[in-house]
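Q: Here's a structure for you.
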Amino acid sequence: MSIVLDNPVAVRRAAMDLLARREHGRVELTRKLRNRGAADELIEAALERLAQEGLLSETRYLHSFVGQRARAGYGPLRIREELAQRGLARDDIEQALRESGIDWREQLEHTWRRKFAGALPRDARERAQQGRFLSYRGYPLDWIGRLLRGALDD
């Protein structure tokens, strides 16, 4: 049985149910409510009220997302792109990445050690394999190159 989102109370309840599971950005929450059949004017009013009450916060969402993805081993380039795809402002994304307190080079080394047991590549094929993996994870190519040469701290 699906709930009809045709009044402000139903839209607010659905938004709060989504926010109770995890933080959401405004664009993402709008999309989810729209997919559930809520009208745009009801969504906007509900989200505005939730933001005023402090229940919907882009800043909190950004910090939560950055921390969660970093703990999963993703780098700043990948996280930046994922947040941009979710409709967040570039300036806000950059600020959240700066304020995260994450040492991205240390995170790169940790991700590499976890995946490859800290074994430097023996040949070009292994180097390419490790480089592709770390690049896909969202780490800058120059950092990857230095790591794989054993000179990340230089």
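Q: Using alpha carbon coordinates only, what is the Rg to Rh ratio of the chain, with Rh defined as the Kirkwood radius?
A: Using Cα coordinates only, the ratio equals 1.14.
Q: Taking the number of other C-beta atoms within 10 Å as the exposure measure, put 24, 63 in order starting with the fewest.
A: Final ranking by Cβ density, sparse to dense: 63, 24.
Q: For the chain, set up a GNM with springs between Cα atoms under 10 Å and report which of 27, 11, 66 has the largest fluctuation.
A: Maximum fluctuation in the GNM of the chain, among the listed residues, is at 27.
Q: Which of the trypsin sites (Lys or Arg not before Pro) found in segment 55-147 are loop residues per DSSP with 12 or fewer other Cβ atoms within 10 Å of their Cβ?
A: Those satisfying the criteria are 122.
Q: Could I ask something else about it? What is the Cα coordinate range of segment 63-154 on the first, second and third principal axes, sorted by size from largest, in whole angstrom?
A: Over segment 63-154, Cα extents along the principal axes are 41, 22, 20 Å.
Q: Sorted from fewest to most neighbouring beta carbons within 10 Å, what does the list 43, 102, 93 look like?
A: Final ranking by Cβ density, sparse to dense: 102, 93, 43.
Q: Here is a further query. Give the span of segment 104-154's Cα atoms along each principal axis, as three whole-Å numbers ordered largest to smallest.
A: The Cα atoms of segment 104-154 stretch 25, 22, 19 Å along the principal axes, largest first.
Q: Follow-up question, since we're still on this one. So what's the back-of-envelope 222 nm ellipticity for the chain, counting only DSSP H runs of four-plus at -39500 (n - 2.57) apiece and dividing by all residues, rounded to 500?
A: Taking each H run of at least 4 residues, the total per residue is -21500 deg cm²/dmol.
Q: I'd like the FRET efficiency for residue 71 and residue 31, computed as 1/(1 + (r/R0)^6) with the beta carbon distance as r and R0 of 41 Å, rounded to 0.05.
A: The calculated FRET efficiency here is 0.95.
Q: Using the beta-carbon distance between residue 44 and residue 95 and R0 = 30 Å, what value does 1/(1 + (r/R0)^6) give for FRET efficiency, to the nearest 0.05?
A: 0.75
Q: Further question on the same structure: Starting from segment 1-63, pick out the GluC sites (Glu not before Pro) whose DSSP state is loop and whose Cβ has at most 15 other Cβ atoms within 10 Å.
A: Those that pass, being in a loop and sparsely packed, are 53.
A short reminder: the numbers here are calculations on the coordinates, not readings from a lab. No experiment lies behind these values; they were computed from the predicted model shown. Positions of Cβ are generated from backbone atoms using ideal geometry, with glycine treated the same way; all protein chains shown enter the neighbour counts.
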